[in-house]
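Here's the structure we're looking at; comments come further down.
The values are calculated or read from the model by the stated rules, or taken from the named source; none is laboratory data. Bear in mind the structure is a predicted one, so any value in this text is a computation, not a measurement. So basically every Cβ, Gly included, is an ideal-geometry build from the backbone, and we count neighbours across all protein chains shown.
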Amino acid sequence: MRIILFIPLYVFCFIFIYGQVDYITTIHPFYEIMKNIVGDRGLVKEILPAGASPHTYELKASDVKNVEYKTTLIMGSPKLDTWAYKFHYQNRIELLSLIPEENLLYLDAKFGKNKGKRMGTDPHFWTDPLTVKILLPKLNEKLCQIDKEGCDIYNKNHQLFSNQLDSLYQKIKEKLSGIENKSVLLAHSFFQYYLKRFHIDLVGIIEIVEGTEPTPRELKEIIETVKERKVRAIFTQIQHSDRAARIVAESTGIKLYELDPLGGVLDRKTYQELLLYNTQIILEALR
Ligand SMILES: [Zn+2]
């Protein structure tokens, strides 16, 4: 009797485990995007622990061990989370490469010896809900190639999430309406896509190449520019050191505000929560 009862359960578990599609994502926002699209169709995991920076993360042996060969890796771009290449995976999707050229933003140096030069593509696309929406059809296409049987689910979830991104965009736009002086400075490019989308004037980026602090001469130039352009706020990233930004703030009296492009903690778990959390800080800074 007992055997008869247990066999169907065992068989069921077996089918469930082997029919499952595994996705591993590098940073929390990618995890949230994938959760929205994949739903119950597969298992979505994330690698980067909350509080860590994707640019400097040191992969642990246990991270690699936890990923199976049949996994699909979801990463940003070689400029963001290159360490993810070390995994064993069956498929890899680089999200930045799914965005059409005309929707990409670039790292345009406005200070120092690189002034006027383009220092590459800005990889932080996920801070703008509409850029995320733009890449969804291509992402969907890729997921359907990897998991044909799941295609209907991906299509349905993709439509749903697209609509949610539209409403989120509207909500943020309304919150930010009526602000007059919108000139800001970024410690690095981490929020450029958001600022551009919501017409906030980015006067410049302190560290155009991440991890490269400005020289004293460049700092002087930045300080002069922010005074001239009446910059209202300087935004730093919670996961990064902000030494240069602090110097600019101290020399100009402009306030520093800490934004969080990654989330995964406290009240910043879902994609919507993350963007609304940052919108609140931007609102406080510019009001
Ligand atoms: Zn970054």
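Side notes on the structure shown:
- Residue that is surrounded by the most Cβ atoms within 10 Å (Cβ to Cβ), among those in the stretch 100-120 that are modelled with pLDDT of 95 or more and more than 14 Å from GLU207 (Cα to Cα): LEU105
- Boolean, LEU105 is away from the ligand (no atom under 16 Å from the Cβ) and in contact (Cβ under 8 Å) with a residue 40 or more places away in the chain: no
- Annotation note: of ALA249, ALA285, ALA244, the sole residue that is small (Gly, Ala, Ser), assigned to a helix (DSSP H, G or I) and within 22 Å of PRO54 (Cα to Cα) is ALA244.
- Filter pass, TYR89 being away from the ligand (no atom under 16 Å from the Cβ) and touching a residue at least 40 places away in the same chain (Cβ under 8 Å): yes
- Screening the candidates LEU130, LEU73, LEU135 for the property of being out of contact with any His (no Cβ under 7 Å at 6 or more places or on another chain), more than 29 Å from PRO214 (Cα to Cα) and assigned to a strand (DSSP E or B) yields one hit, LEU73.
- Residue within the stretch 30-40 that is more than 22 Å from SER162 (Cα to Cα) and either out of contact with any Cys (no Cβ under 9 Å at 6 or more places or on another chain) or modelled with pLDDT of 80 or more (or both) present: no
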